[in-house]
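In what follows, a single structure is set out as structure tokens and then discussed.
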Amino acid sequence: MATSPTAIATMTVAQISNPGGDFEIMEREVPKPGRGEVVIKVEACGVCHSDALVKEGMWPGLQYPRIPGHEVVGAINELGAGVSTWSIGQRVGIGWHGGHDGTCPSCRRGDFRNCRNIKVAGVSYDGGYQQYMVAPVEALASIPESLSSVEAAPLLCAGVTTYNSLRHSGALPGDLVAVLGIGGLGHLGIQYASKFGYKVAAIGRGSANAPLAQKLGADVYIDSTATNAAQELQKLGGAQVIVATAPSAKAMSALVNGLAPNGKLLVVGASPEPIEVMPLQLIAGSRSLQGWWSGTPADSEDTLHFSELSGVRAMIETYPLARAGEAYARMMSGNAEFRVVLTM
Ligand SMILES: [Zn+2]
Ligand SMILES: [Zn+2]
């Protein structure tokens, strides 16, 4: 028997009521879409390190209670007024880029990724740690059929961040590209870098991750606890790009001397500490530092299609929504291999 979506009155959510509070599993009314919005029946939502911004109250002006989650995949359940290009039942995803205004100076130049009034899913509005979620249409990416919702979810933040930053880094096939950190972002960065045709040096702490890094596509593994990683990169000719995924400013600072002339340290791992670099380190060899976050929904679709084509997949541990607190703690412990995904 067919059931109408409006017959479902309540749903389970995992919310944070105040900064530093625990996840509260509770029932809420299923939300209705406004103009230009859709309701998504969530199937999977990745647990990302940036969810700590909501959990610990580190985002200025954030309104509580808030439901985090910006690696969301589900099926459209209801269309708001004015929505014509998406259909009920269509599988969609929402990443960090949760909406843009279309009118600010960046948007007027087509640079939606850097919208001055960017909305972040799970920060500006309730995200994917719930069974039904409202999202604006400009935040939606369509999900290829061959990827399951659990597989697709981490690609919408960790995936697009590494894929999109690397593809815009200026590195060419055959160039030496280093990936700092073999974790949630790094294990995807190594795979993309390898599939892009770079010579990939993975940099990790200790020797335990060497076999995995090589399995993911690294040509060289550098143990930063046993050697001077910058010197090791210079022995290989210097890195054109170092994509810094480990959230350690100290580890990033130590690698600047590993860059080739015109090389770039591409910062994607968020650390609250300052990166230290002497002006001469940058001046000599015209080296640079660049930060990068995420991408637009179109960039997410490119990431998903490339992953489908090349076989790049996140390594995933799944938890049910009711155990969101445990899933978050597992992610924060740094011991998860490597992305944690909630299922609804
Ligand atoms: Zn994220
Ligand atoms: Zn804008």
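The values are calculated or read from the model by the stated rules, or taken from the named source; none is laboratory data. Here the structure is a predicted model, which means the values were calculated and not measured. Using ideal geometry, Cβ is built from the backbone for each residue, glycine included, and neighbour counts are taken over all protein chains shown. In case anyone asks, the SASA skips ligands and DNA or RNA and just uses the protein heavy atoms, side chains included. Shrake-Rupley method; radii C 1.70, N 1.55, O 1.52, S 1.80 Å.
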Inset, instruction - Kindly state, as a whole number, the per residue volume in cubic angstrom of the convex hull around the alpha carbon atoms of segment 283-344. - result: 177
Inset, instruction - Assuming R0 = 41 Å, can you tell me the calculated FRET efficiency for the pair residue 75 and residue 109, based on Cβ-Cβ distance, to the nearest 0.05? - result: 0.75
Legend entry - segment 253-307, accessible area per residue, ligands and nucleic acids excluded (1.4 Å, Å²): 48
Legend entry - Over the chain, relative contact order from alpha-carbon pairs under 8 Å, at least 6 apart, %: 18
Inset, instruction - Please give the contour-minus-distance gain from residue 284 to residue 343: 0.36 nm per residue of separation, less the Cα-Cα distance, rounded to one decimal in nm. - result: 16.3 nm
Inset, instruction - Divide by every residue of the chain the summed helix terms, -39500 (n - 2.57) for each DSSP H run of at least 4, and state the resulting mean residue ellipticity at 222 nm, rounded to the nearest 500 deg cm²/dmol. - result: -6000 deg cm²/dmol
Legend entry - Stretch gain in nm, segment residue 298-residue 63, where the contour uses 0.36 nm per residue and the Cα spacing is subtracted: 81.8 nm
Legend entry - Cα pair count fraction exceeding 19 Å, expressed as % - segment 189-344: 62
Inset, instruction - Quick one: P(r) of segment 1-120 from all Cα-Cα pairs, 10 Å bins, percents rounded to integers, in order of increasing distance. - result: 12, 34, 38, 14, 2, 0
Inset, instruction - Using the Kirkwood radius over Cα pairs, work out the Stokes-Einstein diffusion coefficient for segment 188-264 at 4 °C and 1.567 mPa s, in µm²/s as a whole number. - result: 104
Inset, instruction - Please tell me which of these pairs span more than 31 angstrom C-alpha to C-alpha: 41/250; 55/195; 119/199; 195/235? - result: 41/250; 55/195; 119/199
Legend entry - Sites residue 335 and residue 225 - FRET efficiency at Förster radius 30 Å, r taken between beta-carbons, to 0.05: 0.95
Inset, instruction - Could you order 221, 163 so the one with the most accessible surface comes first? Probe is 1.4 Å. - result: 221, 163
Inset, instruction - Please report, in Å, the Rg and the Dmax of segment 143-207, where both are computed over Cα atoms only. - result: 12.6, 39
Inset, instruction - Report the label-to-label distance for residue 323 and residue 168 in nanometres (one decimal), using points 7 Å from each Cα along the Cα→Cβ vector. - result: 3.7
Legend entry - Gyration tensor over alpha-carbon atoms, segment 120-240, equivalent ellipsoid semi-axes in Å: 33, 16, 13
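Leaving out ligands and nucleic acids, and using a 1.4 Å probe, what accessible area per residue does segment 31-128 come to in Å²?
42
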Inset, instruction - State, to one decimal in nm, how far the label point of residue 305 lies from the label point of residue 86, with both points 7 Å from Cα in the Cβ direction. - result: 1.9
Inset, instruction - Give me the percent of the accessible area of the chain that comes from carbon and sulfur atoms, probe 1.4 Å, all protein chains in place. - result: 52
Legend entry - Linear extension gain, residue 117 paired with residue 17, 0.36 nm per residue minus alpha-carbon span: 33.6 nm
Inset, instruction - Among DSSP beta bridges lying fully in the chain, give the percent that are antiparallel, nearest 5. - result: 55
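Stokes-Einstein D for segment 73-122 at 4 °C, 1.567 mPa s, Kirkwood Rh over Cα pairs, in µm²/s?
Translational diffusion coefficient: 105 µm²/s.
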Legend entry - Two-decimal Rg to Rh for the chain - Kirkwood Rh, Cα set: 0.99
Inset, instruction - Would you mind calculating the relative contact order of segment 94-172 from Cα pairs under 8 angstrom and at least 6 residues apart, reporting the percent as a whole number? - result: 30
